[in-house]
Each structure stands twice: as structure tokens, then as C-alpha cells.
1. Restricting attention to region 36-55, report how many residues are at negative phi and more than 25 Å from the chain's Cα centre (by Cα).
2. For the condition loosely packed, with under 10 Cβ neighbours inside 10 Å and under 28 Å from the mean Cα position of the chain (by Cα), what is the one hit in 23, 28, 33?
């Protein structure tokens, strides 16, 4: 059976260890986000873009409109007239 002091020391060491690990991960993420290296792209490279699904024939005036607008394109044009 462990004494109360030993349990307290283990808890404190565990918490400090977790804080150190989280801090190291945070520093690594910040370092990776702010490093200034550009990606290397070879000469005469070609960008291939695979488009799947349907593409809308219009662009809404408000790009955030898709989150709260529920009507169809026909309803919208009828309301504008």
C-alpha cells in the first residue's frame, strides 16, 4: 500500500509530465505553422484537378448564404423581380 505522500508525488509528476508533453506538441505545431520554407515545385509541372459531382452555375452574392438560405434558384429569381 502506498503512503499519501507517495501518491501526491506521483500525481504531481504525472500532471507535470502531461503539461510538458502538451507544451512540446504545441511548440512543434507552432514551429511547423510559421516556418518560411516554400514547397518545391519542379519545372514544367502540371496541376491535375479532378472535379466530381455537380458544380453550380452561379455564385451567390453572399458566400455565407448557403448556410441559412433554403430556397431554390428559381424561387430566388422570382423574388427579385
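1. Residues flagged as at negative phi and more than 25 Å from the chain's Cα centre (by Cα) within region 36-55 amount to 4.
2. Numbers: 23 fails: loosely packed, with under 10 Cβ neighbours inside 10 Å; 28 fails: loosely packed, with under 10 Cβ neighbours inside 10 Å.
Selected residue: 33, the only one of 23, 28, 33 that is loosely packed, with under 10 Cβ neighbours inside 10 Å and under 28 Å from the mean Cα position of the chain (by Cα).
Every read-out reported here was derived from the displayed coordinates using simple, explicitly stated rules and does not represent laboratory data. All values derive from a computational prediction rather than experimental measurement. So basically every Cβ, Gly included, is an ideal-geometry build from the backbone, and we count neighbours across all protein chains shown.
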